[in-house]
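Worksheet: one structure, shown below.
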Amino acid sequence: MPTYPNRNRVGLGLVALLSVFPVAGAEPAPPFVLANEAEGRGLRFRQNNFATEKKYPFETLGGAVAALDYDDDGWVDLFFLNGAPSPGHLRSDPATFNRLFRNTGDGRFVDTTLESGLSGAGVVGYPQGVAVGDYDNDGYVDVLVTNYGDNVLYHNEGNGRFTDVTDKAGVAMPRHPLKASAAWLDYDNDGDLDLFVTHYFKWTFAENAHDYCGWEKPGHRIYCDPDVFEPLPNVLFRNDGQGTFTDVSEEVGLSRYLGKGMGVAVADYNLDGRMDIFVTNDRVPHFLYRNEADGTLSEVAFEAGVAVNESGAMVSGMGCDLKDFDGDGWPDLFFTDLSRDFFGLFINQGKGFFLDRTFPSAVGLASASHSGWSVKFLDADNDGWKDVFVAGSHVVDNVELYNPSSRYEEPCFLYRNTGDGKIEDLSERVGDDLQVAGAWRGVAVADLDNDGVLEVAVSQLNGPAALFVRRGGPQHNWILLDLEGTRSNRDGIGARVRLVLPSGRTLYEHVTTANGIYSASDKRVHFGLGPEDGIVSIEIAWPSGIMQHIERPAINQVLHVVEEASP
């Protein structure tokens, strides 16, 4: 939650200048259209946040969405989290249920919530984030839901149903109820997935429900600035391999770092074979946990250049993603924040250090007056360069009362990667649907119809979910890799993929499901090939240390790759 209307921020002058000196020139023709096809495909979900006059912090958070193939039929399904009424948060009314939609494979979705066991019925807690991963390596993806309240871990039984195994697994986290995002990763490379969860800040009804923020007049109360509350450490659970987890936060060194964690992204940013973790913090410096050879995590955000922006400002960190933006094989960082803070793009220099390229890339100019939540790198036009999709909205639902220049409801944004270190803002050029304003929150990306073109599912508070489908545009070639670990974790999370094209160009990706804030995307690895008509080779560096090579695979296919048994 982020903030906070009456602050003075760097950048207000830039916004004013942009309004006085608009960019001249006619807009070129749209490269393609992003059409919202949620309704027509049977994806009918409305998140209810059950807002109260008390402005409880969790009300304006949440809105998570996940892309996962829960029935292992080769078609990616979608799962949305709902809200719950305060103060009890007992989920008994269908208006409070989470919703699971099965992909039928013919372009439509069917609501299978009630038979799946994922509705949350009977659960006490306000849903915040979702993480998906096969933690027991049985071939079926499991689901972790973070709550204001106890987390819930759902085990996939393989028959279309999930079972609540939270108590056995030991991942409830009851001590501090306000959690945010979560991510599955194999931090110790032992072949099974561990669990990382962010704490937002210390807040309970007993301690903080009396707090009043805003003007002392009706209708002017706001969600409190995070500065009001105490920070907390994030939490890491080690998978014990028997369906149970051990909290190793103290052991690995996490407990010494106090923050106000929002989004989380995982990647091997220094290419040493171990997955690292980036966390956006709200109005305090961000965290970058470097995974050390001795099993500990060192917080190195300042020395890596990603704790604050280049002016030294701490921003309202929201969603984040770590992927290779500039095509050099090193994961780069993008994060969102609130209006007048500027979204951030930090380019990995390959020596443990990032450079803030927010303004040279044109991200600063494009985002100066906007607020964003979840974010995802994706190749929207299959040209081989990762673009950026952002869900727009401020955190304060009555922000206009304090700052008329800010807006609570915003559209979503699409920034095209031009391939030269810059972005082109396509947000107003890819159709009217993307320009619909809302309190957008979670983002999940997947190739839902297995045609090589990615779709984007977005959830919003108190409004219908959207499913953005690309219509028109370049018909570039592609390949989609579905990795299956054997010595590594079955999902292949942490595997790095290097793809060589006939022109000599090299593309890079890695396997992860965590992205943005609260949300999770398809684990399959997507490559757009641009004008290339083939692939010379694919190299996969598995978390186990195995290096696997595939020579001249066919293109325009979903390729299932099983980890080789030996190096």
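Assorted remarks:
- With the charge dipole of the chain set up from +1 on Lys and Arg Cβ and -1 on Asp and Glu Cβ about the Cα centre, the Cα lying farthest toward the positive end among the listed residues Phe45, Ser86, Val453 is that of Ser86.
- The charge dipole of the chain, taken about the Cα centre with unit charges on the Cβ atoms of Lys, Arg (+1) and Asp, Glu (-1), comes to about 1560 debye, rounded to the nearest 20.
- Between Met314, Pro553, Ala67, the Cα set farthest toward the positive side of the dipole of the chain (charges on each charged residue's Cβ, about the Cα centre) is that of Met314.
- Ranked by how many other beta carbons lie within 10 Å on average, peptides 505-512, 61-68, 377-384 from highest: 61-68, 377-384, 505-512
- Within the accessible area of the chain, the carbon and sulfur atoms contribute 51%, probe 1.4 Å, all protein chains present.
- Span from the segment 266-322 Cα centroid across to the segment 165-230 one, whole angstrom: 19
- By definition, a body whose alpha carbon gyration tensor gives a ≥ b ≥ c is prolate when a/c is 1.5 or more and a/b is larger than b/c, and segment 184-294 fits this prolate description.
- Contact order normalised by residue count of the chain, Cα under 8 Å, 6+ apart, percent: 16
- Measuring between their Cα centroids, segment 419-477 and segment 498-567 lie 22 Å from each other.
- Order of exposure, largest accessible area first, which applies to Lys55, Lys260 with probe 1.4 Å: Lys55, Lys260
- Listed peptides 320-328, 391-399 by packing density, highest first (mean Cβ within 10 Å): 391-399, 320-328
- Using a simple spin-label model with pseudo-atoms 7 Å out from Cα toward Cβ, Asn159 and Leu401 lie 5.3 nm apart.
- Probing with 1.4 Å while keeping every protein chain in the model, the per residue accessible area of the chain equals 34 Å².
- Percentage relative contact order, segment 20-110, counting C-alpha pairs under 8 Å, at least six apart: 27
- Over 18 Å (Cα to Cα) - which of Lys179/Lys260; Lys376/Lys523; Lys179/Lys386; Lys351/Lys376 fall in this group: Lys179/Lys386; Lys351/Lys376
- Lys, Arg +1 and Asp, Glu -1 on Cβ, resulting dipole of segment 153-260 about Cα centre, debye, nearest 20: 480
- Selection among Asn208, Gly253, Thr280 by position relative to the dipole of segment 175-283 gives Asn208 as farthest towards the positive end (Cβ unit charges, Cα centre).
- Taking all protein chains together, Ile540, Ile555 sort by accessible area into Ile555, Ile540, largest first [probe 1.4 Å].
- Only Lys, Arg (+1) and Asp, Glu (-1) charged, at Cβ; segment 161-200 dipole about Cα centre in debye: 340
- Ranked packing of 82-90, 453-461, most packed first, by mean Cβ within 10 Å: 453-461, 82-90
The values are calculated or read from the model by the stated rules, or taken from the named source; none is laboratory data. Fair warning: this is a prediction, and the values are worked out from it, not measured in the lab. In this analysis, Cβ positions are derived from the backbone assuming ideal geometry, glycine residues included, and neighbour counts consider all displayed protein chains. The accessibility values were calculated without ligands, DNA or RNA, using every heavy atom of the protein model including side chains. Shrake-Rupley method; radii C 1.70, N 1.55, O 1.52, S 1.80 Å.
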